[in-house]
Structure formats: structure tokens, C-alpha cells
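Written below as C-alpha cells is the structure these notes are about.
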Amino acid sequence: MEQDVPGAGEQVLLVGLGNPGPRYEGNRHNIGYLVLDELAARVGGKFKAHKSGAEVLQGHLAGRRAVLTKPRSFMNLSGGPVAGAARFFKIPAEGIVVVHDELDLPYGSVRLKFGGGAGGHNGLRSIAKSLGTGDFYRVRFGIGRPPGRMDPADFVLKDFSTTERKELALNIDLCADAVTELLGRGLAAAQNSFHTR
């Protein structure tokens, strides 16, 4: 059942999607990790390895208790660590917010939604499969479509371009703001603020 605020007053699980290891650090596919790093800086803590197979940081964001989570599996296996962390911290699917890259949005735009399909995103598909539902929140960071005939699978595993990198820190900040507003003011308010940009 859709609700406006993730977790309705209880603890929330914030998930940033990416691929582990230095080889993938600057990839478009790793924007979820980058946004979670910014949120961790705001919380004022460091990620630690957790038995769920994710890196985890507990803190407060927008007056809410939040578990910041970066799965340490590859993108297409994200579901196991996310479901494991959700079980460990006793957080239901509707208390989960997943930050991920989105090919179908122009670079730097941020969109928020509750539920829906995976839209070809292997990380989302894996999470929905492991949780047994797609009813969780998504904060989508636009990376745009690949140029020419480039395979989308190759495009997401490339680093942001020089031009994109000029705006990247600002856009990561914006996406972190969107997550914070979602937690504090709810989905409709966050959509009103960020869907007009």
C-alpha cells in the first residue's frame, strides 16, 4: 500500500546502488554509491562492513532514524544484501528508499516515485525479487541515453564525461537533498520540489 512518507515514522533503509571496487568508482552506474557517500557526510559517520553483505551506517537524517546502505555485491545481485539488511533492521519494503541511475531521464535530473517495475534496471529487478515486492521508494538520478549506437550496458559502466563531471558534485548534492526531503516532508512534497527542475 502506498504511503506518502517512507516507513511512516519508523526507521528507514536508504540504499545506494553501484558496483564495488575501484574499477567502477566513477561509473554512471555508481551514482547511488556517490549519493549515499554524500548523505553519510551529512550524517557525520563512516560506513562499516555488515553481515548482510552491505556497508552500513546508522544515523539521523531529516529527524528520522536511517540506515544508510551500500550493497557490496555487483549490481545485478543487490537484492540479497538489501533484503538481508531490511530483515536485520526490521524494516519493511515501504520503509526502503533506493537511489539509482536512470537512463530514461536527462543527465542530472532527479525524480522520485513509489513502486513500479524495474524498467530494465538489474539492481531494481534483483531487489524486487529478493523482497518479493516492488513496493519501495526510488530516487532516480538521470544519466541520459547513450550516444549513437552505444549499448546501454556499456554506457552505464563508463565514467561520467568531462562536461558531466563539471556539474556532478552539484547534482549529487541535489539528489541527496531530494532523499532528505522525501524523508522529512513526504513523496508529494519532494516531487513538487524536484520534478519542476
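The values are calculated or read from the model by the stated rules, or taken from the named source; none is laboratory data. The model shown is predicted, which means the values in this text are computed figures rather than measured ones. All Cβ positions, even for glycine, are placed from backbone atoms using ideal geometry, and neighbour counts span all protein chains on display. Accessible surface areas use protein heavy atoms only, side chains included; no ligands, DNA or RNA. Shrake-Rupley method; radii C 1.70, N 1.55, O 1.52, S 1.80 Å.
Here are a few things to note about the model shown:
- Karplus-based coupling profile of segment 65-71, in residue order and whole Hz: 6, 10, 10, 7, 9, 10, x, with θ = phi - 60° in 6.51 cos²θ - 1.76 cosθ + 1.60 and x standing for Gly or Pro.
- Each residue, residue 76 and residue 169, gets one label point 7 Å from its Cα in the Cβ direction; the gap between the two is 3.6 nm.
- Alpha carbon centroid spacing (whole Å) that separates segment 173-197 from segment 24-67: 18 Å
- Cβ-based charge dipole, the chain, positive-most Cα from 7, 67, 193: 67
- Per residue, the chain exposes 46 Å² of accessible surface when a 1.4 Å probe is rolled over the protein heavy atoms with every protein chain present.
- Rg and Dmax over the alpha-carbon atoms of the chain stand at 15.2, 46 Å.
- Counting only DSSP H runs of at least 4 residues, each contributing -39500 (n - 2.57), and dividing by the residue count of the chain, the helix-based mean residue ellipticity at 222 nm comes to -11000 deg cm²/dmol.
- Label-point separation in nm, residue 60 to residue 189, each point 7 Å along Cα→Cβ: 1.7 nm
- Computed in the context of the full set of protein chains, the accessible area of the chain at 1.4 Å probe radius has 51% of its extent on carbon or sulfur.
- Under 5 Å between amide hydrogens, built in the peptide plane, is the criterion, and for residue 54 it picks out 72 among residues at least 5 positions away or on other chains.
- Neighbour-limited loop hits for trypsin sites (Lys or Arg not before Pro), segment 61-131 (at most 11 other Cβ within 10 Å; DSSP other than H, G, I, E, B): 90
- Distance between modelled label sites at residue 90 and residue 4, nm, 7 Å Cα→Cβ extension: 2.8 nm
- Phi-based couplings in Hz for segment 108-125 (Karplus 6.51, -1.76, 1.60; Gly and Pro marked x): x, 7, 10, 10, 10, 7, 10, x, x, x, 8, x, x, 8, 5, x, 5, 4
- When both bridge partners sit in the chain, DSSP labels roughly 55% of those beta bridges antiparallel.
- 3J(HN,Hα) couplings calculated from phi for segment 178-188 with the Karplus curve 6.51 cos²θ - 1.76 cosθ + 1.60 (θ = phi - 60°) are, in sequence order, 5, 4, 4, 5, 4, 5, x, 10, x, 5, 4 Hz; Gly and Pro show x.
- Each listed q (0.18, 0.21 Å⁻¹) maps to a log10 I(q)/I(0) for segment 147-196 from the Debye sum over equal C-alpha point scatterers, namely -0.73, -0.81.
- The chain: most fluctuating residue of 151, 173, 159 per GNM, C-alpha cutoff 10 Å: 151
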